Amino acid sequence: MMKRTIVFLLVLTVLVAGITGCGTATKVTDQVVNLGGIQPMTGGAATFGASGKNGATMAVEEFNAAGGATVDGVKTTVNYINEDDTGSPEVGASAAHKLIEQDKVIGIVGPLMSKVSFAVAPIAQAAGIPMISHGSTATQVTLIGDYIFRACFIDPFQGTVMANYVWNTLKLKTAAVLYDNGNDYNKGLAEYFKAGFEKNGGKVVAFEAFTDEDKTVDYKAQLTNIKAANPDFLYLPNYYASVALQLKQAREMGLNVPAGGGDGWDSPDLVKIGGAAVEGGVFSNHFSKDDLSPKVQTFVKTYTAKYGAAPDALAALAYDAAGLFLDAFKTAGSIKGSDIRDAMKNTTFVGVAGAYKFDENRDPIKAAVILQIKNGQQTYVTTVNP
């Protein structure tokens with residue numbers, strides 16, 4: 001009986017296939033393609049990874065709700081696949097291979113960290129898959145190839161913005177720097193701040209380094225040297241968790257000078273870990289939730305309702321990076337990497353973290369904001385144009 005049933009089902013399948021195959025073949029009316037994301041969902045930058053995933057997911061959902069794209073006459077929507085790089089270049093590289101070779105993604109949003117992008121970008125470039133990082137500010141990232149883009153400003157601009165702010169606005173004449181020399185992001189910001197501050201006429205009286213902020217918990221030796229140099233300002237171009245520890249230890253030893261840093265400070269965990277020690281700190285960033293433009297306020301309201309917390313800069317940048325990619329995909333009307341890349345090069349996309357037009361290195365020309373920690377909250381101070 002079982003054999004007869006199987007034969008009957010096979011015959012029925014053939015008959016149905018024959019009917020649909022005669023004269024008028026069934027036309028595919030829609031399709032789904034994959035878009036990859038690479039974020040540090042665990043490790044020292046995990047809050048950034050969560051924000052980035054949220055922002056990219058929201059952009060994809062809005063794109064699909066608006067009808068997606070049309071590719072060769074077929075309605076096409078997008079499935080977002082997010083991978084955890086753990087803050088590791090090696091894990092990020094494995095994630096890129098998986099997304100490209102198994103998931104057949106048409107593009108990658110991320111990675112966030114510059115050191116991970118240096119590992120992922122050559123893989124994306126070799127495969128002809130457009131990659132747009134939302135947080136990798138190290139200059140050399142996009143120089144890896146013409147499929148590599150970013151949605152954030154770069155470290156020469158960010159480091160110089162803070163150097164100018166300390167000299168021109170705070171009117172401080174000497175500074176000290178404490179940075180992770182094992183991370184391209186931290187090291188680059190430290191060097192650009194120093195160069196910019198000295199160009200203005202300031203003096204960097206201490207330039208102290210450590211290696212691997214994910215593993216370092218004691219900064220007292222470096223801070224002792226800095227305190228002895230008696231700076232007016234302390235520049236900490238590191239990520240939020242280590243910055244909080246550095247400032248707690250600095251304040252405990254009586255080093256109470258004003259402090260600041262870069263976009264790595266942008267996490268609610270900065271205040272949770274650092275408490276009163278981070279109060280008054282200033283940092284350069286890509287986005288302020290206090291921007292009163294209707295586009296930004298709509299984004300803040302929608303994001304907060306969806307995720308239960310206001311968006312940080314990495315949420316806004318990932319939202320813009322994914323939105324810009326999807327806009328280019330829709331314009332190209334193609335899943336070919338080269339077609340999407342060419343559409344991205346020519347974009348004039350307006351996002352929530354600025355207007356995007358790429359230079360010859362596929363870096364956006366855009367403004368920065370300066371924020372200050374006041375009463376435990378990020379407060380908008382000013383916007384600095386390029």
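The values are calculated or read from the model by the stated rules, or taken from the named source; none is laboratory data. Just so it is clear, the structure is predicted and the values come from calculations on it, not from any experiment. Neighbour counts are summed over all protein chains in view; Cβ atoms, including those assigned to glycine, are modelled from backbone coordinates with ideal geometry. For accessibility, only protein heavy atoms count, side chains too; no ligands or nucleic acids. Shrake-Rupley method; radii C 1.70, N 1.55, O 1.52, S 1.80 Å.
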Residues of region 154-203 being in a strand (DSSP E or B) and aliphatic (A, V, I, L, M), in sequence order, are ALA175, ALA176, VAL177, LEU178
Of those in region 219-270 that are open to solvent by 30 Å² or more (accessible area, probe 1.4 Å), of a type outside the set (Gly, Ala, Ser) and under 29 Å from the mean Cα position of the chain (by Cα), the residue nearest to VAL166 (Cα to Cα) is PRO258
Closer than 29 Å to THR47 by Cα, in a helix (DSSP H, G or I), out of contact with any Gly (no Cβ under 7 Å at 6 or more places or on another chain) and among the hydrophobic types (A, V, I, L, M, F, W, C): is that true of LEU223 in this structure?
yes
field: Hey, GLN31 over 26 Å from the mean Cα position of the chain (by Cα) and modelled with pLDDT of 95 or more or not
entry: yes
**Message:** Could you go through region 77-88 and let me know if any residue there is modelled with pLDDT of 95 or more, farther than 25 Å from GLU213 by Cα and touching a Ser or Thr at 6+ places or on another chain (Cβ under 7 Å).
**Reply:** yes
Restricted to region 169-198 and to residues being open to solvent by 60 Å² or more (accessible area, probe 1.4 Å) and of a type in the set (Ser, Thr, Tyr), the residue nearest to GLN158 (Cα to Cα) is TYR192
When VAL105 is run through (1) assigned to a helix (DSSP H, G or I); (2) within 20 Å of LYS330 (Cβ to Cβ), the failure sits at (1)
Scanning region 58-111 residue by residue, those farther than 15 Å from ASP327 by Cβ, of a type in the set (S, T, N, Q) and open to solvent by less than 30 Å² (accessible area, probe 1.4 Å) turn out to be SER88
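Does ALA309 qualify as being more than 30 Å from ASP72 (Cα to Cα) and either among the hydrophobic types (A, V, I, L, M, F, W, C) or buried (at least 23 other Cβ atoms within 10 Å of the Cβ) (or both)?
Answer is yes for this residue.
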Pairs returned, first residue in region 169-192 that is more than 23 Å from LEU112 (Cβ to Cβ), second residue that is open to solvent by less than 30 Å² (accessible area, probe 1.4 Å) and in a loop (DSSP other than H, G, I, E, B), beta-carbon separation under 6 angstrom, 6 or more apart or interchain, are LYS173/GLY202; THR174/PRO231; ALA175/PRO231; ALA176/PRO231
Of the listed residues (ASN385, ASN375, ASN361), the one being open to solvent by 80 Å² or more (accessible area, probe 1.4 Å) and at pLDDT 95 or above is ASN375
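Check every one of the helices (runs of 4 or more DSSP H) wholly within region 271-345 and list those with 3 or more residues that are touching a strand residue (DSSP E or B) at 6+ places or on another chain (Cβ under 6 Å) and among the hydrophobic types (A, V, I, L, M, F, W, C).
313-332
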